[in-house]
1. Taking the criterion of being in contact (Cβ under 8 Å) with a residue 40 or more places away in the chain and of a type in the set (Lys, Arg), would at least one residue in the stretch A:72-86 satisfy it?
2. Those residues that are more than 10 Å from chain A (Cβ to nearest Cβ), at negative phi and of a type outside the set (A, V, I, L, M, F, W, C), I need them from the stretch B:133-162; list them, please.
3. Can you confirm whether residue A:149 is aromatic (Phe, Trp, Tyr), in contact (Cβ under 8 Å) with a residue 24 or more places away in the chain, surrounded by fewer than 24 Cβ atoms within 10 Å (Cβ to Cβ) and within 22 Å of residue B:153 (Cβ to Cβ)?
4. Across the stretch B:324-351, what is the number of residues that are in contact (Cβ under 8 Å) with a residue 40 or more places away in the chain and touching a Lys or Arg at 6+ places or on another chain (Cβ under 7 Å)?
5. Read through the list (1) touching a residue at least 40 places away in the same chain (Cβ under 8 Å); (2) away from every other protein chain (no Cβ under 14 Å); (3) within 10 Å of residue B:98 (Cβ to Cβ), then give the number of the only condition that residue B:121 fails.
6. Which of the residues spanning the stretch B:220-242 are crowded, with 17+ Cβ neighbours inside 10 Å, out of contact with any His (no Cβ under 8 Å at 6 or more places or on another chain) and assigned to a helix (DSSP H, G or I)?
7. Among A:201, A:156, A:214, A:186, which is in a helix (DSSP H, G or I), within 14 Å of chain B (Cβ to nearest Cβ) and in contact with a helix residue (DSSP H, G or I) (Cβ under 6 Å, 6 or more places away or on another chain)?
Amino acid sequence: MGFSNQRGSGGRIASPLLEPRWVRWSLTAFSCSFLVLFLVVPLAVVFAEALRKGVGAYWAGITDPTAWSAIKLTLLVVAISVPLNLVFGLAASWAIAKFEFWGKSLLITLIDLPFAVSPVVSGLIFVLLFGLHGWFGAWLDSWGLQVIFAVPGVVLATIFVTFPFVAREVIPLMQEQGTEQEQAALTLGANGWQTFWFVTLPNVRWAVWYGVILCNARAMGEFGAVSVVSGHIRGKTNTIPLHVEILYNEYNFVAAFAVASLLALLALVTLVAKALVERRIHLSSTSLEPTTVES
Amino acid sequence: MSIEVRHISKSFGNFTALHDVSLQVHDGELLALLGPSGSGKTTLLRIISGLEVPDANPDSEILFHGQSVVDCPVRHREVGFVFQHYALFRHMSVADNIGFGLRMRPRATRPSKSEIRDRVGKLLKLIQLEGFGDRFPSQLSGGQRQRVALARALAVEPKVLLLDEPFGALDAKVRQGLRTWLRRLHDEIHLTSVLVTHDQDEALEVADRVVVMNQARIEQVGTPDEVFHHPQTPFVMEFLGQVNVFHGRVSQGKIELDDPFVSEHANVNVGSSPPAVYARPHELDIQRESTSGEGFYATVKRLHLAGPIARVLLEAENGGDVQVHLSLERFYELALQPGVAAFVVPKNGRVFEAASKMKLG
């Protein structure tokens with residue numbers, strides 16, 4: 001092969017990494033058909049099934065009182081777990097990125113624990129801790145508090161499963177940025193809170209948003225852990241995913257898919273939001289590159 | 001405001017960054033801390049600022065205008081600190097960067113918004129960046145960013161200005177310009193300033209006094225003139241310019257060389273090696289013939305004529321390199337060419353001994 005073979009038809013110099021046309025075509029075709037088969041078709045089926053008996057049946061499925069209560073519970077769980085994990089994620093990132101302390105690598109490992117543990121196991125942990133026969137069950141019961149098979153259990157399990165999301169997005173960015181800007185703020189007279197609020201947080205805000213979006217999506221969609229602790233009490237401890245399962249098991253397909261379509265819509269909204277935030281992260285990180293040559 | 005540090009030590013693990021350092025900075029002077037990397041100069045600067053805490057020692061003391069500031073946290077020390085890599089807030093405009101310190105003040109002492117705007121405007125004028133207030137740091141060149149960082153530090157009207165290798169990340173031309181500008185600025189505002197640098201030209205050109213540091217200690221303190229022409233240690237001699245080192249001695253005002261050899265490192269007379277004579281390239285002369293019996297034989301190896309002086313590299317008989325700087329007139333008078341044989345005659349030189357220092361010339 002001579003050098004002339006590397007020229008494309010338009011006279012452009014082809015990349016030395018360019019593969020033969022048939023390889024490119026088959027790789028693209030394979031990826032696309034895989035995506036269609038495993039992502040697009042199922043998504044389409046959700047909406048098709050939901051609307052199979054018309055918009056009226058769809059609407060009835062969503063506005064059913066038990067469905068409505070599942071939606072409200074899901075929103076409540078999100079409203080509690082996302083802000084808590086936001087605070088936790090920021091605190092952990094700040095500690096890990098800005099300070100040296102004993103046990104730091106252990107903390108970093110522990111943050112990933114919920115990703116490594118099966119959600120069902122996560123749920124069981126809470127049953128073992130707070131269930132009637134668990135470690136703190138009897139004590140809680142004596143105070144008239146019920147955690148397992150009640151809303152607090154659902155909230156706890158969701159927090160556990162979703163707590164890595166914000167921290168994992170923010171830690172690497174904060175570590176990369178170092179502490180020089182914070183030191184500058186201190187020499188200029190800012191106190192710790194001002195330094196965090198006006199210097200540290202704005203520098204990581206898009207990573208924080210990104211983490212919150214992912215955390216939110218997972219909190220709404222979490223099934224395994226929540227399923228173990230909720231007890232599936234209709235109208236009381238069912239979240240949207242649990243409600244979908246119950247409807248499906250009762251062969252109420254239209255209603256099941258109607259409620260499921262809400263989660264699918266959430267997924268689409270999350271994807272759009274995620275893409276927008278990713279663009280901002282990309283923009284801000286490229287515009288922050290030094291534009292001048294520095295030796 | 002004067003600064004004084006007494007008996008300051010600092011270690012990081014096994015590494016000693018500062019060993020029992022004491023230093024005085026006079027009111028209104030521009031002092032340079034000069035030394036190679038790892039000599040402790042930046043650590044000393046950061047300890048003065050409060051960003052670093054010295055090792056606990058009952059004798060150690062940091063005084064601003066006679067008042068101890070050891071227990072005073074960074075944000076109350078009223079120091080302006082300029083970082084090597086600018087440390088500008090990248091999400092803020094240039095104007096917001098400069099006004100940051102004023103905006104962070106407690107309500108009681110915070111100037112009004114219009115006062116802050118006025119002060120920022122004046123500072124933008126001072127750093128010659130009028131009209132750049134709405135830009136972001138990423139839209140500025142390195143030299144402009146460092147000027148913004150300086151303005152930001154000056155905005156809070158600090159009592160001392162501390163600069164940590166402020167021009168280290170800039171290219172040579174910009175560095176030269178900023179250096180001259182900084183000196184002029186200092187002559188206008190007379191703020192007590194400490195500048196850390198590893199560039200001896202920068203220190204000698206800009207500072208009122210230079211502190212030469214090496215291996216966690218201060219080697220010498222003096223005016224640029226003093227440290228350059230009257231170095232007290234081989235290290236200072238070597239660090240402030242090129243040096244030729246010979247085996248030999250100075251006796252009765254004459255230099256006697258045992259063995260003309262030249263070393264890259266000045267510290268050759270440590271230990272059992274014979275005493276060394278130090279001479280800068282301009283303290284040597286070249287003669288085509290040995291008239292007085294002084295000097296030693298060498299061959300011209302390389303010529304470097306692009307500059308105000310002629311730089312001649314010769315090779316002594318034992319293979320050692322000798323650097324000689326001549327005026328261009330003298331050079332053309334001698335008509336030197338590579339390969340030509342000549343005599344190198346020391347006009348001036350120094351010996352450094354632990355107990356007594358002798359100097360010729």
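The values are calculated or read from the model by the stated rules, or taken from the named source; none is laboratory data. Predicted model only: the values in this text are computed from it and were never measured. As a convention, Cβ positions derive from the backbone with ideal geometry for all residues, glycine included, and neighbour counts pool all protein chains shown.
1. No, there is no match, as no residue in the stretch A:72-86 is in contact (Cβ under 8 Å) with a residue 40 or more places away in the chain and of a type in the set (Lys, Arg).
2. B:133, B:134, B:135, B:146, B:147, B:159
3. Judged against the criteria, residue A:149 is not a match.
4. Count: 5.
5. So residue B:121 meets the others, but not (1).
6. B:224, B:227, B:228, B:234, B:235, B:236, B:237, B:239
7. Step by step, each of A:201, A:156, A:214, A:186 is checked, and only A:186 is in a helix (DSSP H, G or I), within 14 Å of chain B (Cβ to nearest Cβ) and in contact with a helix residue (DSSP H, G or I) (Cβ under 6 Å, 6 or more places away or on another chain).
This table checks each residue for (1) in contact (Cβ under 8 Å) with a residue 40 or more places away in the chain; (2) under 24 Å from residue B:200 (Cα atoms).
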| residue | (1), (2) |
| --- | --- |
| B:10 | yes, no |
| B:21 | yes, yes |
| B:24 | no, yes |
| B:29 | yes, yes |
| B:33 | yes, yes |
| B:48 | yes, yes |
| B:65 | yes, no |
| B:73 | no, no |
| B:82 | yes, yes |
